[in-house]
Amino acid sequence: MKEPHHQRKVGYGMIMVAASLALIGIIQLWIGPDVLFGDDIQRQQIEVFESCEANGFQAPECAKWLDEMQLQECRENKDVESSECYKYRNWVISDQELEEILENAKNNE
């Protein structure tokens, strides 16, 4: 029977677990008093989106929503050939393939 020599790997694993638990504790101490931390972040993002929408998405920080709106439009139209939708081609094709898989699954049942 071979003698296992995995003590070093186990030791490194224990160090990583201890470090991650310590990091979680530090984050909890940092966020702990603010129980609505995530809610505050979401409200800030909603305010930014509403200000972008009011300005017609002209500001530079509004570009991420323009991309998302263009992607949604390409998905709805199932457009993979136009120059506006070429960048999102892989996502549109994968959505179409998923729809086909779901249709086939329904038909087979």
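Below is a table of values for the structure above.
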quantity	calculated
Options 70, 28; residue that is loosely packed, with under 10 Cβ neighbours inside 10 Å and part of a helix (DSSP H, G or I)	28
Residue check, residue 19 among the small types (Gly, Ala, Ser) and either in contact (Cβ under 8 Å) with a residue 60 or more places away in the chain or surrounded by 10 or more Cβ atoms within 10 Å (Cβ to Cβ) (or both)	yes
Set 9, 64: member being within 30 Å of residue 87 (Cα to Cα), out of contact with any Leu (no Cβ under 7 Å at 6 or more places or on another chain), of a type in the set (Lys, Arg) and open to solvent by 100 Å² or more (accessible area, probe 1.4 Å)	64
Hey, residue 78 without any contact (Cβ under 8 Å) to a residue 12 or more places away in the chain and either out of contact with any Cys (no Cβ under 8 Å at 6 or more places or on another chain) or surrounded by 12 or more Cβ atoms within 10 Å (Cβ to Cβ) (or both) or not	no
Subset of the range 31-58 (residues that are in contact with a Cys (Cβ under 9 Å, 6 or more places away or on another chain) and part of a helix (DSSP H, G or I))	48, 49, 51, 52, 53
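The values are calculated or read from the model by the stated rules, or taken from the named source; none is laboratory data. Keep in mind it's a predicted model, so treat the numbers as computed, not measured. Don't worry about glycine lacking a Cβ; one is built from the backbone with ideal geometry, like all the others, and counts go over all protein chains shown. Just the protein is used for accessible areas: all its heavy atoms, side chains included, with ligands, DNA and RNA removed. Shrake-Rupley method; radii C 1.70, N 1.55, O 1.52, S 1.80 Å.
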